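Before any comments, here is the structure.
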Amino acid sequence: MKEISYQAADDCTLHATVTGEGQALVLMHAGGPDHKSMLPLAERLADDGDL
């Protein structure tokens, strides 16, 4: 997994995690938990090459 941080124009730091390979699928959480709450779903959806 690769962790990414980005400083937005409004000085808010945005965080993301990249997992898997192939075409991108962006998952966004809504309020409450942070981006790590989506990791279990992202890992299940990720193409790990085992087809």
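For (1) assigned to a loop (DSSP other than H, G, I, E, B); (2) not charged (D, E, K, R), each residue gets a yes or a no:
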residue: E3; (1), (2): no, no
residue: D10; (1), (2): yes, no
residue: L14; (1), (2): no, yes
residue: A24; (1), (2): yes, yes
residue: M28; (1), (2): yes, yes
residue: P33; (1), (2): yes, yes
residue: M38; (1), (2): no, yes
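Mind checking which pairs have a first residue in the range 3-24 that is without any contact (Cβ under 8 Å) to a residue 60 or more places away in the chain and farther than 14 Å from E43 by Cβ and a second that is of a type in the set (S, T, Y) and open to solvent by 100 Å² or more (accessible area, probe 1.4 Å), Cβ under 9 Å, 6 or more apart or different chains?
These pairs meet every condition: T13/Y6; L14/Y6; H15/Y6; A16/Y6.
The values are calculated or read from the model by the stated rules, or taken from the named source; none is laboratory data. Since this is a predicted model, take the numbers as computed values, not measurements. Positions of Cβ are backbone-derived with ideal geometry, glycine not excepted, and every protein chain shown enters the neighbour counts. Only protein heavy atoms, including side chains, enter the accessible area calculation; ligands, DNA and RNA are left aside. Shrake-Rupley method; radii C 1.70, N 1.55, O 1.52, S 1.80 Å.
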